[in-house]
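Beneath this line is the structure, given in structure tokens, with notes to follow.
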């Protein structure tokens with residue numbers, strides 16, 4: 001069988017009851033991504049109220065591991081989007097609006113292509129995410145390239161944020 005696009009469990013999570021992303025309904029565009037571990041998303045307001053920012057109360061986003069990776073054709077990417085209920089019910093948001101998982105992120109040396117969802121908690125209280133809880137949605141999308149594009153590209157050598165210079 002020729003594989004075109006899909007999800008696989010990252011090897012370090014094999015046997016740990018990680019579920020592959022799935023769509024909730026036939027009309028759903030997004031595949032629900034879930035947390036691979038229990039994790040706390042700290043309130044940015046607690047960090048702002050503390051006299052000094054610290055590891056206990058950092059004013060930054062949190063990377064939530066999913067335990068899965070995505071494979072797709074070279075002309076596609078996986079768009080990570082907030083679940084529509086996260087901002088209203090939990091005060092959680094993807095801080096840059098979306099995330100982009102490039103096709104060459106799959107299988108990279110540093111983390112095998114594991115998808116992490118970046119979340120920020122703008123609520124007053126820390127939010128506890130349980131393993132298996134839905135945290136974001138992934139939508140496979142095609143993209144186009146320009147005419148006369150250079151063939152000189154860098155080779156991805158790492159995971160999150162590794163294609164930047």
Filtering the range 58-86 for residues that are closer than 16 Å to residue 40 by Cα, free of Cβ contacts under 8 Å to residues at least 60 places away in the same chain and in contact with a strand residue (DSSP E or B) (Cβ under 7 Å, 6 or more places away or on another chain) leaves a count of 4
Scanning the range 109-139 residue by residue, those surrounded by fewer than 18 Cβ atoms within 10 Å (Cβ to Cβ), modelled with pLDDT of 95 or more and not in a strand (DSSP E or B) turn out to be 130, 131, 132, 133
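The values are calculated or read from the model by the stated rules, or taken from the named source; none is laboratory data. Just so we're clear, the structure is a prediction, and the values are computed from it rather than from any experiment. Note that each Cβ is placed from the backbone with ideal geometry, even for glycine, and that neighbours are counted across all protein chains shown.
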